[in-house]
1. Is it the case that the stretch 21-38 has a residue that's part of a loop (DSSP other than H, G, I, E, B), free of Cβ contacts under 8 Å to residues at least 24 places away in the same chain, more than 30 Å from residue 115 (Cα to Cα) and outside the structural domain of residue 114 (by TED's automatic domain parsing)?
2. Could you list all residues from the stretch 105-123 that are within 26 Å of residue 45 (Cβ to Cβ) and either at pLDDT below 90 or assigned by TED's automatic domain parsing to the domain that holds residue 54 (or both)?
3. Condition (residue is under 12 Å from the mean Cα position of the chain (by Cα) and in a loop (DSSP other than H, G, I, E, B)) applied to the stretch 48-69: is it met by at least one residue?
């Protein structure tokens, strides 16, 4: 059974991949991106109407750039929308988001498959 916030999100945003039990995720990061959006909405960073509009714009941009819209990239659009709103709202600059994305890439490259990825100070050294 999904919690109330997830139920509200899936009702407000009907495009979310789901089954009878609620949202479905192919990989853990998709669930984490979903949870981050729920948490930021819960803190009042954006309304679901604002989120839905930003997500729709992100998907349209991706389709214009050749995304086949098969559903497999849905949460990539979700994450891009989350990053865009975080930046637009002044929570983190695009440069900060880029810095952390690069650090995560570096940390992932040095982490054996199946092990937890941990950021270390050296991951931020360019």
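The values are calculated or read from the model by the stated rules, or taken from the named source; none is laboratory data. Keep in mind it's a predicted model, so treat the numbers as computed, not measured. Heads up, the Cβs are rebuilt from the backbone with ideal geometry, glycines too, and the neighbour counts pull from every protein chain shown.
1. Checked against the condition, which is being part of a loop (DSSP other than H, G, I, E, B), free of Cβ contacts under 8 Å to residues at least 24 places away in the same chain, more than 30 Å from residue 115 (Cα to Cα) and outside the structural domain of residue 114 (by TED's automatic domain parsing), the stretch 21-38 yields no hits at all.
2. Passing the criteria: only 117.
3. no
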